[in-house]
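Remarks on the structure that follows.
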Amino acid sequence: MFDLVNRKKRVVQVILGLAVLPFLFWGVESYRGGSEGFVAIVEGEEISRREYEQAMRDHHERMRAMLGANFDSAMLDTFEVRNSVLERLIQQRLLHREAMDNGFTVLDSQLAKTIREVPAFKRDNKFSKQQYEDLLRAQGLTPVIFESRVRQELLLQQLLDGYSEIVFAPKTVVEKVRYLSELQREISQSKISPERFLSDMIPEDAEVDNYYEQHQADFTLPERAKIEYLVLSLEAVAKSETVSEDAIRNFFQEHEEEFIQPEERKASHILISVTADAPDDERHAAIAKAEKILEQVRQDPDRFAEIAKEQSDDPGSAIQGGDLGYFGRGVMVKSFEDKIFSMQPDEISDLVETDFGFHVIKLTDVKQEVRRSLADVREQIEKKLKLEAAGNIFGEIAEDFSNMVYEQGESLQPAAEKFELAVQQSDWITRNSAQPAILSNEKLLSAVFSEDSVTNHRNTEVIEVQPDTFVAARIVEYKPATKQSLAVVKDQIVEKLKKQMAERKAIEEGQAKLARLQHGEVLDDVVWSESQLISYLQSRGLDIGTMRVISRTETKGFPVYTGAIDPKGGFNLIRISKVVAPDIEEKDKDKHENFTKQLQQMIAQEEMASYLSAIRKRYDVKIKQDNF
């Protein structure tokens, strides 16, 4: 939100993330080393597997918070997601080393000032040491660890500010890019689909044989195994613990405030940015602009989101129509917060001044404070107390479990009987199995398919697949990787070749028809879609490749014909009927300024990407694929 987030986004993410993420990607000392191995080495410094798995859990939790009921953990269980999380960890290590090598430092006074300015740590608009420590304690953090993280983020901020703030886009460049972005073309389309030719495509036997020989790896079944396994978890151990009613009641009385869901309000705003020390003429201009906007939204409240997108100087919320989401007290600056918590739903405020400028605010919803009773949270408290009790002995239990699995390596039954666990059976699994989820851990699968496990059918070592969840397994049945015969996969190859042939046929016919159209022929068998205006800002579903083909087509006379290969298959014939130049005038100053800011952000992102790529090449980075 506002300039604080724009200028110190990384620091604010660390601070505000306390409510959601107990551990961030790095800086937690207890997660640095350990015997669990590592996933990468950056200039001699290891990124431990446990740190990486914590980063994956953090990523899942952020996605869960963003998507709510639409969250599906399966969509995050891909190599691309896992690799992106690892790359972020590597980038953080590289940036930290780069900052240190270039002599950046964070003064204690700078650190203290940053923390004292965080609204969540204030009471009565003043920094409260008690509230600061209570909030950290609630997230299992100490001031030392938290301050270390903030110091690291401030260090990186110094390094990155040169790219995020010192960005210049010349006026002529802005005007040209904006002109090209808003330039519209009226087009019609005629798609030539491969499906039209599919039934006529019959590949030769020689083509099938050749494809099979050249793609044998595609037709090799990976090694597979059926396994039996044991799962020892803190949660399972906790279920056998007993907790008295007095203990539950006492905990509720001592922590009653923790079971209060504070009132939250949802608001949207339009910011007209101006600094508190700006010259009087700038402030008067900002006030005049804000008052004009206030008059607009009061006359037509339903256009609030539309006006926010066009006029607000807060880029983070402007693209959301000014929506700031739900928040409680202690998050926003005081004058802004006080106004919102005094408003009624759908009310539009007078101008509200903060250090960031002038705001027009609309309150869109209110979630009232909820005080939960002991009956409401009894099961939650009981589970927590059981977990605490089990946690005191779980380390010793896990060690005994690991020792017995190793010592009785020919069978899991002794460990199952001693620890009262059920021996579970799997269906066929491979090294890349994602189901069942408990077995999808890469380290566990690597142990299952190790030479000792495959050859001797011995128990694997005990692997921590999730926090406080341990699994041991042994192979019951094993099948090595096998190449499927041509007879088995012939139908599959034929279908693939038919699709490829139909695709080529559609492109050939499309290109032939395009050539005829461009030579002035009228083709009765080409059926054009209804015309529509498209531009880079409004592509109407066209892919970027097709947009480039259209934009590069000369339009000296109309209609003009062009075409592009459809990434979804086939060929797309395109008729351009006219070109509509954008109306870019000086009076559209606000829109021009917003576009300039967006272009500068894009340039900054490109600069940052290039910088990260460059430092990646300068330092020694090794990824341990078998552990990743």
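The values are calculated or read from the model by the stated rules, or taken from the named source; none is laboratory data. Just so it is clear, the structure is predicted and the values come from calculations on it, not from any experiment. Positions of Cβ are generated from backbone atoms using ideal geometry, with glycine treated the same way; all protein chains shown enter the neighbour counts.
Does Val489 satisfy the condition of being of a type outside the set (Lys, Arg), under 30 Å from Gly395 (Cβ atoms) and either out of contact with any helix residue (DSSP H, G or I) (no Cβ under 9 Å at 6 or more places or on another chain) or crowded, with 17+ Cβ neighbours inside 10 Å (or both)?
For Val489, the condition - of a type outside the set (Lys, Arg), under 30 Å from Gly395 (Cβ atoms) and either out of contact with any helix residue (DSSP H, G or I) (no Cβ under 9 Å at 6 or more places or on another chain) or crowded, with 17+ Cβ neighbours inside 10 Å (or both) - is not met.
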Checked against (1) surrounded by 17 or more Cβ atoms within 10 Å (Cβ to Cβ); (2) of a type outside the set (Gly, Ala, Ser); (3) more than 30 Å from Leu363 (Cα to Cα), Lys266 satisfies every condition except (3)
Could you figure out which of (1) touching a Gly at 6+ places or on another chain (Cβ under 9 Å); (2) over 30 Å from Ile574 (Cα atoms) isn't true of Lys239?
-> (1)
Here are some conditions: (1) in contact (Cβ under 8 Å) with a residue 60 or more places away in the chain; (2) surrounded by 14 or more Cβ atoms within 10 Å (Cβ to Cβ); (3) touching a strand residue (DSSP E or B) at 6+ places or on another chain (Cβ under 8 Å); (4) assigned to a loop (DSSP other than H, G, I, E, B). Glu530 meets all but one. Which one does it not meet?
-> (2)
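Can you pull out the strands (runs of 3 or more DSSP E) entirely within segment 549-624 that have at least 1 residues that are without any contact (Cβ under 8 Å) to a residue 60 or more places away in the chain?
560-565
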Answer yes or no as to whether Ala169 is assigned to a loop (DSSP other than H, G, I, E, B), farther than 30 Å from Thr562 by Cα and in contact with a helix residue (DSSP H, G or I) (Cβ under 7 Å, 6 or more places away or on another chain).
-> yes
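Can you list the helices (runs of 4 or more DSSP H) found entirely within segment 286-394 that contain at least 1 residues being at pLDDT 90 or above?
On the way: elements: 304-311, 315-318, 334-340.
Result: 304-311, 334-340.
From the list Ser199, Ser190, Ser181, exactly one residue is of a type in the set (Gly, Ala, Ser), in a helix (DSSP H, G or I), modelled with pLDDT of 85 or more and closer than 30 Å to Gly510 by Cα. Which is it? Lay out the reasoning, then the answer.
Values: Ser190 fails: in a helix (DSSP H, G or I); Ser181 fails: modelled with pLDDT of 85 or more.
Exactly one of Ser199, Ser190, Ser181 is of a type in the set (Gly, Ala, Ser), in a helix (DSSP H, G or I), modelled with pLDDT of 85 or more and closer than 30 Å to Gly510 by Cα, namely Ser199.
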Out of (1) surrounded by 14 or more Cβ atoms within 10 Å (Cβ to Cβ); (2) within 33 Å of the chain's Cα centre (by Cα); (3) among the charged types (D, E, K, R); (4) more than 23 Å from Ile270 (Cβ to Cβ), the odd one out for Lys309 is which?
-> (4)
Glu477: passes all of (1) part of a helix (DSSP H, G or I); (2) more than 38 Å from the chain's Cα centre (by Cα) but (1)
Assess whether Ala99 counts as being modelled with pLDDT of 80 or more, in contact with a strand residue (DSSP E or B) (Cβ under 9 Å, 6 or more places away or on another chain) and among the aliphatic types (A, V, I, L, M).
-> no
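Checking the condition within 27 Å of the chain's Cα centre (by Cα), surrounded by 16 or more Cβ atoms within 10 Å (Cβ to Cβ), touching a residue at least 24 places away in the same chain (Cβ under 8 Å) and within 23 Å of Gln131 (Cα to Cα), which residue from Gly322, Gly330 passes? Before you say what the answer is, go through the steps one by one.
On the way: Gly322 fails: within 23 Å of Gln131 (Cα to Cα).
Selected residue: Gly330, the only one of Gly322, Gly330 that is within 27 Å of the chain's Cα centre (by Cα), surrounded by 16 or more Cβ atoms within 10 Å (Cβ to Cβ), touching a residue at least 24 places away in the same chain (Cβ under 8 Å) and within 23 Å of Gln131 (Cα to Cα).
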